[in-house]
Amino acid sequence: MRWLWIPALALAVIWPRASAQTWSIDTDRASASFSVRPVWLRRIHGYFPILEGILVRDPASDTVAVDVRIDVRALQMGRAAWVIWAQSPEFFDVERHPWIRFRSDPFPVSQLPEGGLIEGQATLRGVTRRIGFTLAPVECAAFGPDCPIRAEGAVSRSAFAMDARRLSLGDSVTLSFEVMLIQAPDPMR
């Protein structure tokens, strides 16, 4: 009788557990932008057309986490001179740091329709800091590929070693995302 637990234990070890569900950001339907306010002028805006990443859902804990990267080399702005400045060592420093990255902490799936704060680690200019983004409520009947996900947050320039032009440029940089997801291929197939 005591040997009956061995097959049960072996079955528990090899039985497939509920695996994580991975969604990729649809790069054709994703965008990010930033804005910063000079002290005496209206906001300066920039647009990042190249954004990639994943959203992973853990069914066991019913949480999701995101990992997003923005290609700063593809930055577009209203004036060529602004792009040159924004990509320079004074601001994004594209030569040394071509990507902005955000990795969220896991948060409950139930937060998607409600919106709210998503916290995690942002890496900008080679500096990694904890920041938060405000997730807009997802307004779709069912979470999935045709459901836009939007988030916005502000980062302190000084926290990411963006110290140039402190007297003429505000410290707060607003980052905004809008992404659509596609089901990632199953790595086990």
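Quick look at the numbers
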item	result
Ser104 being of a type in the set (Ser, Thr, Tyr) and either over 17 Å from Gly53 (Cβ atoms) or exposed (fewer than 15 other Cβ atoms within 10 Å of the Cβ) (or both)	no
All positions within the range 150-174 that are of a type in the set (A, V, I, L, M, F, W, C), open to solvent by less than 60 Å² (accessible area, probe 1.4 Å) and at pLDDT below 90	Val155, Ala159, Phe160, Ala161, Met162, Ala164, Leu169, Val173
Subset of the range 21-67 (residues that are among the aromatic types (Phe, Trp, Tyr) and open to solvent by less than 60 Å² (accessible area, probe 1.4 Å))	Trp23, Phe34, Phe48
Residue count for the range 117-157, restricted to those that are among the β-branched types (Val, Ile, Thr) and either within 13 Å of the chain's Cα centre (by Cα) or in a loop (DSSP other than H, G, I, E, B) (or both)	6
Candidate set from the range 68-94 (those that are under 13 Å from Leu124 (Cα atoms) and among the aromatic types (Phe, Trp, Tyr)); member that is surrounded by the most Cβ atoms within 10 Å (Cβ to Cβ)	Phe92
Those residues of the range 71-110 which are in contact with a strand residue (DSSP E or B) (Cβ under 8 Å, 6 or more places away or on another chain) and either free of Cβ contacts under 8 Å to residues at least 12 places away in the same chain or assigned to a strand (DSSP E or B) (or both), in sequence order	Asp71, Gln76, Met77, Trp99, Ile100, Arg101, Phe102, Arg103, Ser104, Phe107, Pro108
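The values are calculated or read from the model by the stated rules, or taken from the named source; none is laboratory data. Nothing here was measured: the structure is a model prediction, and the numbers come from that model. Glycine gets a Cβ as well: all are built from the backbone with ideal geometry, and neighbour counts include every protein chain shown. Remember, those area values only see protein heavy atoms, side chains included, never the ligands or the DNA or RNA. Shrake-Rupley method; radii C 1.70, N 1.55, O 1.52, S 1.80 Å.
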